[in-house]
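Have a look at the structure below, then the notes.
The values are calculated or read from the model by the stated rules, or taken from the named source; none is laboratory data. Here the structure is a predicted model, which means the values were calculated and not measured. Cβ placement follows ideal geometry from the backbone for every residue including glycine, while neighbour counts extend to all protein chains displayed. Note: areas computed on protein heavy atoms with side chains; ligands, DNA, RNA excluded. Shrake-Rupley method; radii C 1.70, N 1.55, O 1.52, S 1.80 Å.
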Protein chains: 2
Amino acid sequence: MSSSGTAGRATTLSDVARRADVSIATASKALNGRFDVAPATRQRILAAAAELDFSPNPMAKGLSADRSGTVGILTGDLEGRFMIPILMGAENAFGTGRVNAFLCDARGDQIREQHHLKALLVRHVDGIIVVGPSTNPRPSLGQDIPVPVVYAYAPSEDPRDTSLTSDEVMGGRIQVEHLIACGRTRIAHISGDPTFAATQNRVQGIRQALDAAGLELVGPPLLSQWSEAWGRDAAAMLLERHPDIDAIACASDQIARGVLDTARDMGRRVPEDIAVIGYDNWDVLALNSRPQLSTIDANLEELGRLAAHQVFDAMDGTDTSAGSKNLPVRLVIRGSTIASR
Amino acid sequence: MSSSGTAGRATTLSDVARRADVSIATASKALNGRFDVAPATRQRILAAAAELDFSPNPMAKGLSADRSGTVGILTGDLEGRFMIPILMGAENAFGTGRVNAFLCDARGDQIREQHHLKALLVRHVDGIIVVGPSTNPRPSLGQDIPVPVVYAYAPSEDPRDTSLTSDEVMGGRIQVEHLIACGRTRIAHISGDPTFAATQNRVQGIRQALDAAGLELVGPPLLSQWSEAWGRDAAAMLLERHPDIDAIACASDQIARGVLDTARDMGRRVPEDIAVIGYDNWDVLALNSRPQLSTIDANLEELGRLAAHQVFDAMDGTDTSAGSKNLPVRLVIRGSTIASR
DNA sequence: TATTTCTACGAAAACGGTTTCGATAGTTTC
DNA sequence: GAAACTATCGAAACCGTTTTCGTAGAAATA
């Protein structure tokens, strides 16, 4: 009812044109930086637009030009802990700019994914970010999509697609490098579901670091589930079978939390007797344990940001860096590997 | 490059019209269920549309009709643990339907929020869902917004707005009712940041339940932070000062986890000696503790779903149930309050 | 001065739909 | 058999932009 605010018919380009006493064609050109408009006229038009608080109707814009100013974010499963930071990074990259993001959650369902994809294309999104719940490669959406597609976290199985993923091998490697730097030599590894690519890659990285130092893993890697309970059980087995280990590299903070509990139960001090390092830097878990967890941070928000920029670049034709990229991870040192002061 | 797939120019209404040998006007009417088109003709047109796999261009549609088929989801801070289920519920309600959601994360910034709001309105969204990171009331977006707005989780300060929030008082109440049903009578309460509405509301609910049973809280409610560490510290204080308590109602699963740790450290058995109940049903925490946590589930996904439907109703003019609603919460019973078999 | 070249601008055609309204043909009514 | 309806359809305006292309006038050239 009040006349302030955003109510009432939105001001349109022809309003601006009328006020600046030019045709809408000229107004359009002036506002878009076309060059066949006299400087004085352009000023007049810009002023008029500013006074009327004009912003062009994206739908109308999208009809003629085929840029809609939107991108689709197609997630495999929002539930996952890893989606959120990536989402945040991406959304933030669009940020205050001209483009908005459609969020589509496929809930782990292929059919729903196809449906959402269709909807996004019908809406003429300018690009698509596909973010998967794990680092396991996922089926490609196909090559016949008329807009750029970037796969985040879960890479596409098709090498022709461009994917951004986290360097899991590096993650395993710097876990162990850190443990060695802390003077540990009898190192064991507890990880999650062996069918996960992350599991295998981290084991690989861990072996690399051990090899480089002339060391060997104590016992085989213990692979089972991504749960705290498994961390407890595995640690118990480990400490019983190899009482002399002095460090455990865990493939998730959840597992590490379990390990911490078992160590405490069995009277081993962390980090004095056993150093423990986690993976994920999930603050809820890592910051509230006793002691706080040293861990690996995959920079997921940065990954999301990069995915967004990759889409931008591809949209702008700057389709340079095709192919996939493996983003470096980061070591976070806390009390579970180094006694505080 | 392949000719299958979605590539190539999208099929348009005039394609359909041509194939059905009618004008685009008639085609439009047929597809939209207008009634001045002969049954036979309509069939022909529908068939043509189906064969060509036609779907109307939402932008063109949005230009004439003023329905864009989109809604905006304006979140205060994606980081929060509570946003995600709500987001999922809402997104899923739009689901396979005709409407897609713009995701906007204000990152706790008023200015960014205004900016996003502006962008959503310029895009002519048909509705807006504002989801806040806590149950604290938040400033209204104002009354002069031309589309329906629903506030989820964090209600609007303005009673004229329609808000959907979680019944925190009920949450506190059924926590204690459950503890009492388990035979506990000496009940204490550990909660989080006292400036949170949730904190106060839950205390209120707890008092209601105790009053109804003729009981009193053991000691004052301990209010400080939403962290596991605080849960540990508070529990230690509590057990020292009141060694005879037999139950602790915690205002978050994080706090409950801390309490569990302290109980174990001090040799109290859970649930035999002390029953512990959490709040949030955050599976990562609640399912991996020893024992698993009884807790309160706020049905956040349902809340998101309802918010979406509320927007739908308001869009369709079925603007019935204005005003705010307080959604019931749900008790989840696990091992921390009842010994397993 | 007459011609050519620019420059700055606007008329009009898209873009892909919806909607109003008039036209046509077939039916009914008197 | 003419008038009045009714049912079905299509021409055209419109939504708010962008873009092409034509043109008037000024400036440069002959």
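What's the total accessible area buried between chains B and A, using a 1.4 Å probe, rounded to the nearest 100 Å²?
5500 Å²
Give me the accessible area of B:I333, 1.4 Å probe, in Å² rounded to the nearest 10.
Taking all protein chains as shown, B:I333 has close to 90 Å².
To make sure I understand the rule: partners must be lysines, Cα under 25 Å from the Cα of B:K118, and not fewer than 8 residues away in the same chain. Which ones qualify?
A:K29, A:K61, B:K61
Given B:G304, B:I206, A:L120, which one lies farthest toward the positive end of the charge dipole of the protein assembly as shown, if we put +1 on the Cβ of every Lys and Arg and -1 on the Cβ of every Asp and Glu?
A:L120
Tell me what chain A gives for mean residue ellipticity at 222 nm when only DSSP H runs of n ≥ 4 count, each as -39,500 (n - 2.57), the sum divided by the residue total, rounded to 500 deg cm²/dmol. If you can, show how the numbers build up before the last one.
Details: 12 runs with 139 residues, N = 341.
Computed ellipticity for chain A at 222 nm equals -12500 deg cm²/dmol.
Could you pull out the GluC sites (Glu not before Pro) across the stretch A:182-243 that fall in loop regions by DSSP (anything but H, G, I, E, B) with no more than 14 other Cβ atoms inside 10 Å?
Qualifying residues, ordered by number: A:E216.
Given B:L141, B:A50, B:L103, which one lies farthest toward the positive end of the charge dipole of chain B, if we put +1 on the Cβ of every Lys and Arg and -1 on the Cβ of every Asp and Glu?
Positive-most Cα among the choices belongs to B:A50.
So who's got an amide H within less than 5 Å of the one on A:G127, skipping anything under 5 residues away but keeping other chains? H placed 1.01 Å off N, in plane.
Correct list: A:G72.
In what order, largest first, do B:R173, A:R19 sit by accessible area if the probe radius is 1.4 Å?
From most accessible down to least: A:R19, B:R173.
Using a basic spin-label model with each label point 7 Å from the Cα along Cα→Cβ, how many nm lie between B:R264 and B:Q114?
5.0 nm
For chain A, set up a GNM with springs between Cα atoms under 10 Å and report which of A:P133, A:P56, A:P221 has the largest fluctuation.
Greatest mean-square fluctuation among the candidates belongs to A:P56.
Given a 1.4 Å probe and every protein chain left where it sits, what share in percent of the accessible area of the stretch B:13-56 is carbon and sulfur?
Within the stretch B:13-56, the accessible surface is 55 percent carbon and sulfur.
Provide the net charge surrounding B:N299, with neighbours chosen by a C-beta distance below 13 Å and charges set as Lys +1, Arg +1, Asp -1, Glu -1.
-3
Pop out a list of residues from the stretch A:56-83 that are at least 10 Å² less accessible with all the protein chains around than in their chain alone; 1.4 Å probe, no ligands or nucleic acids counted.
A:N57, A:P58, A:M59, A:A60, A:G62, A:L63, A:S68, A:T70, A:L78, A:E79
About the Cα centre of the stretch B:168-297, how large is the charge dipole given +1 on each Lys and Arg Cβ and -1 on each Asp and Glu Cβ? Please answer in debye to the nearest 20. It would help to have the intermediate numbers written out before the result.
On the way: 12 positive and 18 negative charges, 35 e Å.
Rounded to the nearest 20 debye, it is 160 debye.
Could you check how much of the accessible area of the stretch A:168-297 is carbon and sulfur, as a whole percent, using a 1.4 Å probe? Don't jump to the answer; show the numbers that get you there.
Values: 2230 of 4620 Å².
Carbon and sulfur atoms account for 48 percent of the accessible area of the stretch A:168-297.
Specify the residue with the greatest mean-square fluctuation among A:N32, A:N136, A:N92, computed from a Gaussian network of chain A linking alpha-carbon atoms under 10 Å apart.
Looking only at A:N32, A:N136, A:N92, the largest GNM fluctuation is found for A:N32.
What residues in the stretch B:101-116 lose 50 Å² or more of accessible surface when the other protein chains are added to their chain alone (1.4 Å probe)?
B:F102, B:L103, B:R107
Normalising by the residue count of chain B, find the relative contact order in percent from Cα pairs under 8 Å and 6+ residues apart.
Values: 673 pairs, mean separation 54.6, N = 341.
16 percent.
Who wins for biggest fluctuation among A:A106, A:A314, A:A49 in a Gaussian network model of chain A, springs between alpha carbons below 10 Å?
A:A49
What base-10 log of the normalised intensity I(q)/I(0) is obtained for the stretch A:238-293 from the Debye formula, alpha carbons as equal point scatterers, at q = 0.15, 0.17, 0.31 Å⁻¹?
Values returned for q = 0.15, 0.17, 0.31 Å⁻¹ are -0.36, -0.46, -1.37.
Taking 0.36 nm per intervening residue step and subtracting the Cα-Cα distance, what contour gain separates B:D193 from B:T41 on full extension?
Gain in length upon complete extension: 48.1 nm.
Express the accessible area of the stretch B:78-130 per residue in Å², computed with a 1.4 Å probe while the remaining protein chains stay in the model.
On a per-residue basis, the stretch B:78-130 sits at 35 Å².
Can you tell me what the convex hull of the Cα atoms of the stretch B:168-297 projects to on average, as an area in nm²?
For the Cα atoms of the stretch B:168-297, the hull's average projected area reads 6.5 nm².
Placing unit charges on C-beta atoms (Lys and Arg positive, Asp and Glu negative, everything else neutral), compute the dipole magnitude of chain B about its Cα centre in debye, rounded to 20.
860 debye
Within the stretch A:90-136, list the trypsin sites (Lys or Arg not before Pro) lying in a DSSP loop whose Cβ has at most 14 other Cβ atoms in a 10 Å radius.
Here the sparse-neighbourhood loop sites are A:R98.
Taking one equal scatterer on every alpha-carbon of the stretch B:79-191, how large is log10 of I(q)/I(0) by Debye at q = 0.11, 0.15, 0.16 1/Å?
-0.47, -0.75, -0.82
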